[in-house]
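Chemist: Before I ask anything, let me first share the structure, which is written out below as structure tokens.
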Amino acid sequence: MKIDRKEIISALETITVAGEGKNMVESGALQNVMTFDDEVVVDLVLNSPALHIKKRAEVDVMKAIHQKVYEKAKVTVNIKVDAPETKSKKPEIKGKPIPGIKNIIAVASGKGGVGKSTVTANLAVSLSKMGFKVGVLDADVYGPSVPLMFDVAAERPLSVTVDGKSKMKPVENYGIKILSIGFFTKPNQAVIWRGPMAAKALNQMIFDADWGELDFLLVDLPPGTGDIHLSIMQSLPISGSVVVSTPQNVALADAKKGVAMFQQESINVPVLGIVENMAYFTPEELPENKYYIFGEHGARNLAEDLQVPFLGEIPLVQSLRESGDIGRPAAMQEGTPLEEAFQEITRNVVQETVNRNETLPPTEAIKITTMAGCSSVKK
Ligand code: ADP
């Protein structure tokens with residue numbers, strides 16, 4: 001079978017390039033097509049370094065050729081990335097580097113109550129199970145819930161002396177180091193913080209604390225996109241952000257603002273991706289039944305529209321709420337669908353962090369460039 005090159009080009013004209021509204025040929029993404037009998041080699045150049053966009057292009061090309069030209073064609077797709085925007089918009093890392101802390105990841109949500117802290121706690125547990133050293137900094141001044149979720153609400157950080165200086169020692173449980181704004185405020189006390197005050201308190205919890213060596217420090221941000229966020233992000237060297245949303249329209253509108261906040265010029269923190277929480281309700285005794293209470297795939301579609309990675313989805317299940325309330329994150333329970341779901345999200349976060357560290361200019365923060373440490377993850 002000899003494949004006609006023109007037919008391949010016509011097939012590729014049916015593929016739209018994400019975000020450009022043009023087809024692959026018109027947009028200039030297609031660089032070259034070569035055919036040898038039943039073999040086809042397609043060279044593409046894409047603007048985005050995001051792994052999911054590369055994968056998507058590869059799958060689309062294969063599908064178009066197999067469906068429209070010849071179903072047994074042997075297709076090779078070579079993809080180069082030319083990301084002028086990323087190069088020109090160098091995300092500079094603000095704030096001083098923190099010796100020993102390799103990656104600081106901010107977890108945000110536009111709207112409150114969408115499960116930002118739940119995702120942070122379980123992400124921390126999954127990362128730790130992969131062999132990474134993990135800390136959690138709970139910066140949610142409006143409702144610091146991380147101490148409850150790790151069953152350390154009654155504890156307080158001790159003071160230790162390091163190199164002649166007095167430092168706060170994070171509280172530790174399940175192998176994860178924790179500091180929370182909740183350790184320094186009375187329970188049920190409505191705290192009115194202004195941005196600079198919160199930033200100052202958080203700076204102390206980062207720079208005047210004895211975190212030791214950490215691969216990941218997760219920062220659970222307050223909900224919303226106010227001046228408190230600007231102050232925090234302008235003073236801390238944040239390497240990337242994760243945005244949590246439910247599929248509901250009101251939550252999505254706020255998540256969009258959250259992504260826009262990270263991408264605005266004065267902040268410029270790479271968005272590692274979006275997590276869809278409460279994606280559907282599933283009764284634990286009937287795991288095959290899914291009820292899309294808040295709408296279907298809203299956050300997944302938002303990620304696609306905004307061209308940021310989709311990191312995965314978590315169902316609405318009673319046991320996740322219960323595990324949060326008793327302070328044992330659900331991802332700790334081996335062999336459960338929830339453990340699996342959080343593992344998948346965590347693998348994607350690590351992969352996007354690796355991509356970020358490889359594709360964006362080196363920063364003062366030390367970087368992770370391999371998935372090493374993930375070998376213990378069950379596939
Ligand atoms: P946020 O940090 O966004 O305010 P939380 O993580 O504190 O939200 O979650 C709010 C409440 O919803 C908590 O009681 C939590 O246990 C519960 N929750 C979060 N996600 C889920 C889920 N997928 N299934 C069931 N309960 C959930």
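Chemist: Over the chain, what is the percentage of antiparallel beta bridges among all DSSP beta bridges, to the nearest 5?
Modeler: 30 percent
Chemist: Take the residue pairs K54/K80; K133/K257; K2/K74 and return only those whose Cα atoms are more than 21 Å apart.
Modeler: In this structure, K133/K257 lie more than 21 Å apart at Cα.
Chemist: Roughly how large, in nm² to one decimal, is the mean projection of the convex hull of the alpha-carbon atoms in the chain?
Modeler: Convex hull of Cα atoms, orientation-averaged projection: 20.3 nm².
Chemist: What percentage of all Cα-Cα pairs in region 5-88 are separated by more than 15 Å?
Modeler: Distances greater than 15 Å cover 53 percent of the Cα pairs.
Chemist: Which far-off residues, 5 or more places away or on another chain, put their amide H under 5 Å from the one on V171, with H placed in the peptide plane?
Modeler: Under 5 Å from the amide H of V171 lie the amide H atoms of I178, each far enough along the sequence or on another chain.
Chemist: Please list 3J(HN,Hα) in residue order for region 265-280, calculated via the Karplus relation 6.51 cos²θ - 1.76 cosθ + 1.60 where θ = phi - 60°; whole Hz, with x for glycine and proline.
Modeler: So the J values, rounded to whole Hz, are 3, 6, 10, 6, 9, x, 8, 6, x, 10, 10, 9, 9, 6, 4, 7.
Chemist: Give me the three principal axis extents of region 279-327 from the C-alpha atoms, as integers in angstrom, largest value leading.
Modeler: 36, 26, 15
Chemist: Provide the per-residue ³J(HN,Hα) series for region 311-324, in order, calculated from phi with Karplus coefficients 6.51, -1.76, 1.60 and θ = phi - 60°, each as a whole number of Hz, with x at glycine and proline positions.
Modeler: Couplings: 8, x, 10, 10, x, 8, 9, 4, 5, 6, 5, 5, 5, x Hz.
Chemist: Please arrange F36, F207, F342, F150 by how many other C-beta atoms lie within 10 Å of their C-beta, fewest to most.
Modeler: In increasing order of surrounding Cβ atoms, one gets F36, F207, F150, F342.
Chemist: For the chain, what does the helix formula give at 222 nm: sum of -39500 (n - 2.57) over DSSP H segments with n ≥ 4, over the residue count, nearest 500 deg cm²/dmol?
Modeler: Result for the chain: -10500 deg cm²/dmol, rounded to the nearest 500.
Chemist: Amide H to amide H, which residues 5 or more places from S109 or on other chains are under 5 Å from it, using H placed in the peptide plane?
Modeler: Correct list: G224, V244.
Chemist: Now for a separate question. Charges at C-beta only: +1 for Lys and Arg, -1 for Asp and Glu. How large is the resulting dipole of region 101-378 about its Cα centre, in Debye rounded to 20?
Modeler: 700 debye
Chemist: Please go through region 152-248 and write out the GluC sites (Glu not before Pro) that DSSP classes as loop and that have at most 15 other C-beta atoms within 10 Å.
Modeler: Those that pass, being in a loop and sparsely packed, are E155, E213.
Chemist: Just how far, in whole angstrom, is region 104-144 from region 1-51 if you go by their alpha carbon centroids?
Modeler: 40 Å
Chemist: Each residue of region 34-41 in turn: what ³J(HN,Hα) in whole Hz from Karplus with 6.51, -1.76, 1.60 and θ = phi - 60°, glycine and Pro shown as x?
Modeler: Listing the rounded values in order: 10, 10, 9, 6, 9, 9, 10, 10 Hz.
Chemist: Just need the Rg to Rh number for region 249-300, please, alpha carbons only, Kirkwood Rh.
Modeler: Taking Rh as the inverse mean 1/r over Cα pairs, Rg/Rh reads 1.15.
Chemist: Among DSSP beta bridges lying fully in region 161-301, give the percent that are antiparallel, nearest 5.
Modeler: Bridges in region 161-301 are about 50 percent antiparallel.
Chemist: Another question, then. Just going by the charge dipole of the chain, with Lys and Arg at +1 and Asp and Glu at -1 on Cβ, which of A199, V162, P309 is farthest out on the positive end?
Modeler: V162
Read-outs throughout are calculated quantities, based only on the coordinates presented, and are distinct from any laboratory measurement. Because the structure is predicted, anything quoted here is derived from the model rather than measured. Note: ideal-geometry Cβ built from the backbone for every residue, glycine included; neighbour counts use all protein chains shown.
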